[in-house]
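Undergrad: Would you mind keeping the following structure in view while I ask a few things?
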Amino acid sequence: PILLLVLIAAFTGCARLNCTRLEPLLGAETDLITFSYRIADNLTERALPPLQSRNPQMPIVVTTFVDNNNLRQTSQFGRTMQEHIASRLVQLGYAVKEIKLAGSMMIEERSGETILSRELKKLSGSQQAQAVLVGTVSYTNRTMYISTRLINPISADIIASDDYRLCMDDHILAMFGLERSTGSEMIEEPGQPFKVPF
């Protein structure tokens, strides 16, 4: 039975084996759609008080995931996560508004949270957002840490939270402009060329 499982994994691949010794043989690309959907499912199931579905007057605002070390910076990964999570929330029956990281967003450095400013005030007139979904990412070598929260936009109370640890495969690295190199786990894009003084 164990040999059969190994053979199945060898043909199908498993992202959970990335960043382990088995990655070269059994590793696989992370399915970001499935991963994002799991985040949406977990947050909505754990929300206290529970969220209201099928109510267009009470949307969930989904923001772009940002870098935990620079809350004004996002990435292709952060935008992709926002889009997939928003899609899943719609599938679950929630009204959704998307806010892209831009000048309309204010970052509170001390709290480490992405808070809406002018855009949220615009919503509060005819539509009251019931929650704001925010996410931060940080990474070291090939390990990424993702923190997600649903926040009450009026009280700023956290009504649901979840944290994830993800191995960055080559596709995820590329979303940050990074790549693996021989002899090390990860290397950034080259900066300025090295100049030899004459």
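The values are calculated or read from the model by the stated rules, or taken from the named source; none is laboratory data. What you see is a predicted model, and the numbers here were worked out from it, not measured in a lab. A quick note on method: Cβ atoms are made from the backbone with ideal geometry, for glycine too, and the neighbour counts reach across all protein chains shown. These area figures cover heavy atoms from the full protein model, side chains too; ligands, DNA and RNA do not enter into them. Shrake-Rupley method; radii C 1.70, N 1.55, O 1.52, S 1.80 Å.
Undergrad: Among (1) under 21 Å from Gly135 (Cβ atoms); (2) outside any helix (DSSP H, G or I); (3) at pLDDT below 95, which single condition is Tyr94 missing?
TA: Answer for Tyr94: the failing condition is (3).
Undergrad: So which pairs qualify, if the first residue must be in the stretch 35-51 and loosely packed, with under 13 Cβ neighbours inside 10 Å, the second must be of a type outside the set (S, T, N, Q), the Cβ gap must be under 6 Å, and the two must be at least 6 apart or on different chains?
TA: From residues that are loosely packed, with under 13 Cβ neighbours inside 10 Å, the pairs are Leu48/Ile159.
Undergrad: Restricted to the stretch 17-34, and to residues that are at pLDDT below 70 and in a helix (DSSP H, G or I), which residue is least open to solvent (accessible area, probe 1.4 Å)?
TA: Leu26
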